[in-house]
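Have a look at the structure below, then the notes.
What follows draws every value from the coordinates through simple rules; no lab data is involved. Not measured: the values here are computed from a predicted model. With ideal geometry, Cβ positions are generated from the backbone for all residues, glycine too; neighbour counts draw on all protein chains shown.
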Amino acid sequence: MDRMNRRTGRRALLVGLVLTVLAVARWVDAPAGAPEGSETGAAVVAEAFENRRSGVWVEVAGEVDRRLADDNRGDRHQRFVLRLEDGATLLVAHNIDLAERVPLAEGDRVRLRGRYEWNERGGVVHWTHHDPDGGSAGGWIVHAGETYR
């Protein structure tokens with residue numbers, strides 16, 4: 001009986017250890033400081049576009065469809081078009097005065113969190129960087145295992 005209790009205890013310890021490792025791996029994979037209340041996935045962007053919603057924090061992933069020229073009026077922004085999982089495209093404007101430029105090529109996969117703003121062309125995601133005033137968590141872009149904020 002003692003032997004059975006030790007075996008059960010070891011199994012429980014092993015299961016607990018595995019669950020802890022998985023939880024830590026998931027926590028490490030997600031960049032810290034992501035804005036609370038983010039909604040995820042292409043469907044959220046589609047719904048925001050359909051309902052002309054702006055100011056929606058979103059988390060999406062996709063493939064770089066096109067790199068565009070930087071917007072150098074006012075704060076400088078690296079611009080690119082992201083093709084989402086559902087085939088829709090979305091303009092991303094990443095502030096390179098506040099965050100490092102992301103070394104993107106067409107076809108690269110990225111994951112990002114930022115603020116969606118509606119426009120007639122499908123909208124734009126910005127605030128893919130930290131909040132310089134520290135008032136909010138801001139956003140991020142993950143590319144090739146590196147996080148840019």
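Between ASP131 and GLU63, the contour length at 0.36 nm per residue exceeds the alpha carbon distance by 21.9 nm. Here the Debye sum runs over all C-alpha atoms of region 43-85 as equal scatterers in vacuum, and log10 of I(q)/I(0) at q = 0.32 Å⁻¹ comes out as -1.00. Candidates ALA43, ALA144, LEU91 compared by Cα position along the dipole of region 39-148: farthest toward the positive end lies LEU91, with charges placed on Cβ.
Once you order the gyration tensor axes a ≥ b ≥ c over the Cα atoms, which shape class does region 31-149 get: rounded for a/c under 1.5, otherwise prolate or oblate by comparing a/b with b/c?
Numbers: a/c = 1.30, a/b = 1.10, b/c = 1.18.
Since a/c stays below 1.5, the shape of region 31-149 is classed as rounded.
3J(HN,Hα) couplings calculated from phi for region 136-147 with the Karplus curve 6.51 cos²θ - 1.76 cosθ + 1.60 (θ = phi - 60°) are, in sequence order, 9, 6, x, x, 6, 10, 10, 9, 6, x, 9, 9 Hz; Gly and Pro show x.
Over region 91-149, what number does the Rg to Rh ratio reach, with both radii from the alpha-carbon atoms and Rh per Kirkwood?
Values: Rg = 11.6 Å, Rh = 12.0 Å.
Rg divided by Rh gives 0.97.
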